[in-house]
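Q: Before anything else, here's the structure in question.
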Amino acid sequence: MTDKREIAVAHWRRLDCEGSDRCTLWQAAQGWMLLGHAHWRIEDEDTVLSYDIRCGSDGHSLSADVAGEKAGRRIELRLLRSAHGWLLNDVMQPGTSDCTDLDLSFTPATNLLPLRRLGSDCNGEMQIPAAWLKPDLGSIARLDQVYTRLDDRRVRYTSPGFSAELEVHGSGFVTGYPGLWHGWVDGA
């Protein structure tokens, strides 16, 4: 994906701890890319991660790289969707065979992908089995997600044991995630 065009840049401030995130959405001839950088501090432990997510022209996740440090420990993750499910550093993750989206637990950036496919139809709903990189960054699990369009700027997000009304920018980036994130978007 060498020929690419910047679509929008999202910035977020974490509300649950000290931290921020910045992500750029790029369009390329072969699909889409999300390039971001997140950092946060919880209980005197700093985490700094860069992420690069590659998607097909249909907006479904193909692969991702996550690199940085968590509590002084080096993090280097390669996530890859195969015909049999998601691999994390070449290890197949059980229960992910039908997961077409990737959810990186530490950033709201990955909500953009299903939100762009949901479109702007009010009362539209989409159920998505996502490959969820768990917060400990050690494994991927299936996470059943439901996105329901409430109006052109609000979407209800639901997953097992969690529900929130998200504020969404026209680009598809989440700008309001109650108790977790507050953001804004440049471009688009």
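Q: Any residue at all in the stretch 152-160 that is free of Cβ contacts under 8 Å to residues at least 12 places away in the same chain and on the phi < 0 side of the Ramachandran plot? Before you say what the answer is, go through the steps one by one.
A: Going through the stretch 152-160, the residues free of Cβ contacts under 8 Å to residues at least 12 places away in the same chain turn out to be 156.
Among the residues that remain, those that are also on the phi < 0 side of the Ramachandran plot are: 156.
Looking through the stretch 152-160, at least one residue is free of Cβ contacts under 8 Å to residues at least 12 places away in the same chain and on the phi < 0 side of the Ramachandran plot.
Q: Kindly check whether there is at least one residue in the stretch 112-129 that is farther than 19 Å from Leu62 by Cα, acidic (Asp, Glu) and not in a strand (DSSP E or B).
A: yes
Q: Right, another one. For the stretch 40-62, give me each residue that is assigned to a strand (DSSP E or B) and either closer than 18 Å to Val174 by Cα or under 12 Å from the mean Cα position of the chain (by Cα) (or both).
A: Listed by number, the residues that qualify are Tyr51, Asp52, Ile53, Arg54, Cys55, Ser61.
Q: Another question, if that's okay. Checking Val91 against (1) touching a strand residue (DSSP E or B) at 6+ places or on another chain (Cβ under 9 Å); (2) surrounded by fewer than 17 Cβ atoms within 10 Å (Cβ to Cβ); (3) at pLDDT 95 or above: exactly one of these is not met. Which one?
A: Among (1) touching a strand residue (DSSP E or B) at 6+ places or on another chain (Cβ under 9 Å); (2) surrounded by fewer than 17 Cβ atoms within 10 Å (Cβ to Cβ); (3) at pLDDT 95 or above, Val91 violates only (1).
Q: Which condition from (1) at pLDDT 95 or above; (2) touching an Asp or Glu at 6+ places or on another chain (Cβ under 6 Å); (3) surrounded by fewer than 14 Cβ atoms within 10 Å (Cβ to Cβ) is the one that Pro160 breaks?
A: The number of the failed condition is (2).
Per-residue answers, yes or no, for (1) surrounded by fewer than 16 Cβ atoms within 10 Å (Cβ to Cβ); (2) at pLDDT 95 or above; (3) among the basic types (Lys, Arg):
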site: Arg22; (1), (2), (3): no, yes, yes
site: Leu49; (1), (2), (3): no, yes, no
site: Cys55; (1), (2), (3): no, yes, no
site: Glu69; (1), (2), (3): yes, yes, no
site: Arg81; (1), (2), (3): no, yes, yes
site: Cys99; (1), (2), (3): no, yes, no
site: Leu102; (1), (2), (3): no, yes, no
site: Ala109; (1), (2), (3): no, yes, no
site: Ser120; (1), (2), (3): yes, no, no
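Q: Is it the case that some residue within the stretch 143-159 is assigned to a loop (DSSP other than H, G, I, E, B) and more than 14 Å from Phe106 (Cα to Cα)?
A: yes
Q: What about Cys23, is it part of a loop (DSSP other than H, G, I, E, B), among the hydrophobic types (A, V, I, L, M, F, W, C) and in contact (Cβ under 8 Å) with a residue 40 or more places away in the chain?
A: The answer is no for Cys23.
The values are calculated or read from the model by the stated rules, or taken from the named source; none is laboratory data. Quantities reported herein were computed from a predicted structural model and do not represent experimental measurements. Backbone-built Cβ (ideal geometry, glycine too); neighbour counts: all protein chains shown.
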